[in-house]
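K.L.:
Before anything else, here's the structure in question.
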Amino acid sequence: ELVAHAVQDGLSPLPGVGNVIAVASGKGGVGKSTVAANLALALQAEGARVGVLDADIYGPSQPRMLGLEGKPQTTPDRRILPMRAHGLQVMSIGVLVQVDQAMIWRGPMATQALQQMVSETQWSDLDYLIVDLPPGTGDIQLTLAQRIPVAGAVTVTTPQDVAVDDVRRSVAMFNKVRVPVLGLIENMSTHVCSNCGHEEAIFGRGGGQRMAEEAGLSLLGEIPLDAGLGRSTDTGAPIVAADPEHPVAQRFRDIARRV
Ligand code: ADP
């Protein structure tokens, strides 16, 4: 149970939001957004009111993963209302700006767009807001972490991502802005055969645990490489919502209980 509160100096809480949890990764393509979407749904399945803020400005995937369509509505006083997906309140940079335009933005413009999204979205009565951060540990992530009062961060990695350095960098970044790191999630830790269900540790076992220990973190969970998970996430209905009894959905539920 997360009871931590933001410790960053001088940040006022986001209106309508209890705890902000940031989902980070050292690099792209490790499943950060997949984890963010499913973790949000898993927390909701545990009874919490949950929102998702997609801040991955150069590759916003939450619109596709959560099946968002259209544009968000605005209030008469020009606040942006989150969109709804699977019971979640969702806002994505991908529904606010032209992504091909954003791709060529330099840091300051990207940061400005993200800040605008953060300050103008009108969340309503959330226990948790899951923030899908851009991959890496650059200026944009730092600025966001300095502007949003984050209760805790989770870092996503894969076994191929052997460089514990990536994880260390991520931890160092959060330390710098005084955001507690809740732990590490290893994605694609094993492969599950979609025919027979056999689970194979292609990259050997225990890598996530070792990496977590080396980085001084706890391992929050391991998610296998699973065709069903990939498919469900790419078609707008993440596995935790689409198939709650699926073993991978249960893994996300376990992680949600540890967060
Ligand atoms: P990131 O946010 O780190 O860039 P994504 O969450 O967008 O990564 O995932 C990249 C791709 O890999 C997506 O197509 C996603 O569906 C797929 N994927 C992620 N994790 C898994 C997994 N455990 N099993 C199968 N496919 C996965």
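K.L.:
So which residues in region 22-36 are part of a strand (DSSP E or B) and under 8 Å from the mean Cα position of the chain (by Cα), if there are any at all?
P.N.:
Step one: list which residues in region 22-36 are part of a strand (DSSP E or B), which gives 22-25.
Scanning region 22-36 gives A22, V23, A24.
K.L.:
Scan region 59-83 for residues that are in a loop (DSSP other than H, G, I, E, B) and of a type in the set (S, T, N, Q) and jot them down.
P.N.:
Keep residues of region 59-83 that are in a loop (DSSP other than H, G, I, E, B), which gives 59-61, 67-73, 75-79, 81-82.
Once the filter is applied, which keeps residues that are in a loop (DSSP other than H, G, I, E, B) and of a type in the set (S, T, N, Q), region 59-83 yields S61, Q73, T75.
K.L.:
Filter region 150-162 down to residues that are in contact with a strand residue (DSSP E or B) (Cβ under 8 Å, 6 or more places away or on another chain) and either at pLDDT 90 or above or β-branched (V, I, T) (or both), then give me how many there are.
P.N.:
Summing the residues that are in contact with a strand residue (DSSP E or B) (Cβ under 8 Å, 6 or more places away or on another chain) and either at pLDDT 90 or above or β-branched (V, I, T) (or both) in region 150-162 gives 9.
K.L.:
In addition: Output the qualifying pairs, or none if there are none: Cβ atoms under 7 angstrom, residues six or more apart or on different chains, first residue in region 59-71 and within 18 Å of I239 (Cβ to Cβ) and touching a residue at least 12 places away in the same chain (Cβ under 8 Å), second residue charged (D, E, K, R) and within 13 Å of the ligand (Cβ to nearest atom).
P.N.:
What qualifies is Q62/D54; Q62/D132; R64/D234.
K.L.:
What pairs come up if the first residue lies in region 184-205 and is of a type in the set (F, W, Y), the second is not in a strand (DSSP E or B), and their beta carbons are under 9 Å apart, counting only those six or more places apart or on different chains?
P.N.:
Every condition considered, the pairs that remain are F203/T158; F203/P159; F203/Q160; F203/V162.
K.L.:
Same structure, new question: Contact list please: Cβ distance under 7 Å, first residue in region 234-259 and without any contact (Cβ under 8 Å) to a residue 60 or more places away in the chain, second residue of a type in the set (S, T, Y), pairs at least six apart or on different chains.
P.N.:
A242/S232; D243/S232
K.L.:
So which residues in region 92-112 are at pLDDT 90 or above and either away from the ligand (no atom under 16 Å from the Cβ) or in a helix (DSSP H, G or I) (or both)? Full working, then the answer.
P.N.:
Applying the first criterion (at pLDDT 90 or above) to region 92-112 yields 92-96.
Selection gives I93, G94, V95, L96.
K.L.:
Here are some conditions: (1) at pLDDT below 95; (2) assigned to a helix (DSSP H, G or I). D56 meets all but one. Which one does it not meet?
P.N.:
Unmet condition: (2).
K.L.:
Out of R64, R84, R78, I need the residue that is in contact with a Gly (Cβ under 8 Å, 6 or more places away or on another chain) and over 20 Å from A145 (Cα atoms). Which one?
P.N.:
Working: R84 fails: in contact with a Gly (Cβ under 8 Å, 6 or more places away or on another chain); R78 fails: in contact with a Gly (Cβ under 8 Å, 6 or more places away or on another chain).
Answer to the check: R64.
K.L.:
Hey, can you tell me all the residues within region 217-248 that are closer than 15 Å to G197 by Cα and buried (at least 23 other Cβ atoms within 10 Å of the Cβ)?
P.N.:
Our first condition is that a residue be closer than 15 Å to G197 by Cα; within region 217-248, this holds for 223-229, 245-248.
Those that are closer than 15 Å to G197 by Cα and buried (at least 23 other Cβ atoms within 10 Å of the Cβ): I223, L229.
The values are calculated or read from the model by the stated rules, or taken from the named source; none is laboratory data. None of the values given here were measured: they were computed from a predicted structure. Reconstructed Cβ throughout: ideal geometry from the backbone, glycine too, with neighbour counts over all protein chains shown.
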